[in-house]
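To start, the structure itself, in C-alpha cells.
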Amino acid sequence: MAPKKQLHLNFFDQACTGSHMGVGQWNAEATFHGGSGVGTLDPLVLVPAMASVTKNVSFGVTGSTSYINPYILARTISTLDHVSNGRFAWNVVTSYSDTAAKAMGKIKVTGHDRRYEEAHEFMDLVYTLLEGSWEDGASIWSAEKGAYDFSKVHKVNFDGLYHRTVSYGPMHPSPQRTPVLFQAGTSSAGSAFAAKHAEAIFCGGHKPSETKRIVDSIRAAAAANGRDPNHVKFFPQITPILGRTVDEAQAKYEKALANVDYAGGLAKMSGYLGVDFGQYPLDEPFVIDDSKPDSGIHAMITALQRYSDLPMTPRRIGQQMAFCGFAAMPVGTPEMVADVFEEWANEGDIDGFNIAYVSNPMSYEDIVDLLVPVLQERGIMWKDYTVPGGTFRENLLREPGTSKMPDCHAAAQFRYENLKKQDGVIDGKGDIWISRKEPLQADSTLPSPPVAATEDVVEKVSKLDVNGTSPAVSAEA
C-alpha cells in the first residue's frame, strides 16, 4: 500500500509589498468599510522579527516583477534569507490592477502577457545576481586574506529588453541563494511561467477534480522544461469552519455569514477582475466579459464561471468574495473536515493548503487545536519537520541537503560554473555579459550574447540610460 501523502498547511496573510498595493479601484469607501486589503503592515519589516523568535517556521513575502527594481528585490530577498537562516520564500507576482499601477507611478497596468514577458527577464536578472555573481568560497573573513576573494566575485553586465544593470551581486550568498519561489498564475502565460520558475503554486479549483487538471498540466509542462515535476508543489486555498459538534460548526458559519460585507467583497472582486460591478443591478444575473482581461486575474474569471450552476448576481459575487472567495469551505467537526482534506490530497494530488480564515485568530486556533491532531492521527500531516532548523526548501522537498535550487531548475544555468560553458558570456576578467533584445518565452534558454570584452564595450555599458534607449551590447559595439 502506498504511503499517504502528508500535507503542508500554509497560514496565509494578504499583506504584500510592491505588488497589488493600491486600493479602491472602483469603490474606495466600500473597500475601506470592508477592511480587506487596506491598513496592512509591510511584511518585509515583520519577517525578521518573527524569524528571530522561531526556529522552524518559514516565511514567504510577495514581491512584484512589475514595480520593484530587480537589483533591489534581489538584495531584499537575499537579506531575508540570511536573517531567517534560509527560511524564506518569494511569492512572484506580476500585478494586475490599475490602482496598483497608479500607486507606483504608472498610467495604467501593463497588458497581461507583456507582464509575463517582463517577468521572465526579471527572473533571469535575479538569478544572475544571486546564483552567478558570487562563486562558492568567495567569503573568506580572514585577518590575513581579507573579507572576500575578489577573484570569485563577478560583475554582472545585463542589458535586457526591459531590465538593465551593471553591478556585482548585492551580497554574499544566503543559505538558499535563491529563496523558494511561490507563484499563483494559472492563465496560459502564468502556467508557462510557473512551469519554468515556480517551486510552489497557489492554485485554484473549487473541486479536487478541477485542481487535478491544473496540477497535471503544470507538472507536465515542468517536465517538458527538463524539471522534476515532483519538485513543483501545489496549494489550493481552503477555508475550514470547525466545531466540536456539527451544531457548533454550523453556528460559527452562520455568524460569519451574517457579518459578511457584500459591498466590500464586490469592491475587492472589481479590483481583481477589472470590472466595475457598480454599473450592474445587484440582484440580476451577471455574465462576465472575459475578452479583455488585462486588468484582471485570469484564474479568478475561470473560478467565477465554474463556481456554481446558480446564476451569479453582483450581490452573490460580493458575498462569496467577502466570505471565502471561490475556494472550498468545509463546515463540520474535525473528523468531517479531515475527510475533505484527505479527499483533496488523494483526488487533487495537492501537497497542502493555504488556510484562509473567517475569524482571526479563532479560525487558526481551531485548526491547530482541533484539526491538526486528527490529520496527524490519520498520517496525512507530519508531526515534525524533516529537517528541524533547516531551510524552507529542505522542508518543502522533505529532503536534507537540498537548500540550493535543483540542478534541473532554470536558475541553475545562471550559476557561474554553468555560465562559463556559454560562448561569450564570461569575458577575460571573469565578468558576466548578458544581452537580450527579444521577448523571452517560457521555454527560452540562455542565449550566448556576442560580447567582446573591449574597453569600448565597457564604456558603452557603463553609460546605459535606465530611463530610455541604451546602446546594444554586441560584437559590433
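What follows is calculated from the coordinates using simple rules that are stated; it is not laboratory data. These numbers were taken from a predicted model, which means no experiment stands behind them. A quick note on method: Cβ atoms are made from the backbone with ideal geometry, for glycine too, and the neighbour counts reach across all protein chains shown.
Below, the figures for the structure above:
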item: Mean Cβ neighbour count within 10 Å, used as a protection proxy, ranking 363-372, 63-72 highest first; result: 63-72, 363-372
item: Under 5 Å, built H, 5+ apart or other chain: amide partners of GLY352; result: HIS8, PHE234
item: Gap separating the Cα centres of the range 207-268 and the range 314-377, nearest whole Å; result: 7
item: Partners for LYS404 among lysines (Cα-Cα distance below 23 Å; same-chain residues under 8 apart left out); result: LYS55, LYS152, LYS155, LYS196, LYS233, LYS420, LYS421
item: Between the range 48-82 and the range 391-435, the alpha-carbon center distance in angstrom; result: 20
item: Protection proxy ranking, peptides 42-54, 193-205, average beta carbon neighbours within 10 Å, highest first; result: 193-205, 42-54
item: Ordering of 112-125, 384-397 by burial proxy (mean other Cβ atoms within 10 Å per residue, highest first); result: 112-125, 384-397
item: Sequence of THR128, THR313, THR165 once ranked by neighbouring C-beta atoms within 10 Å, starting from the fewest; result: THR313, THR165, THR128
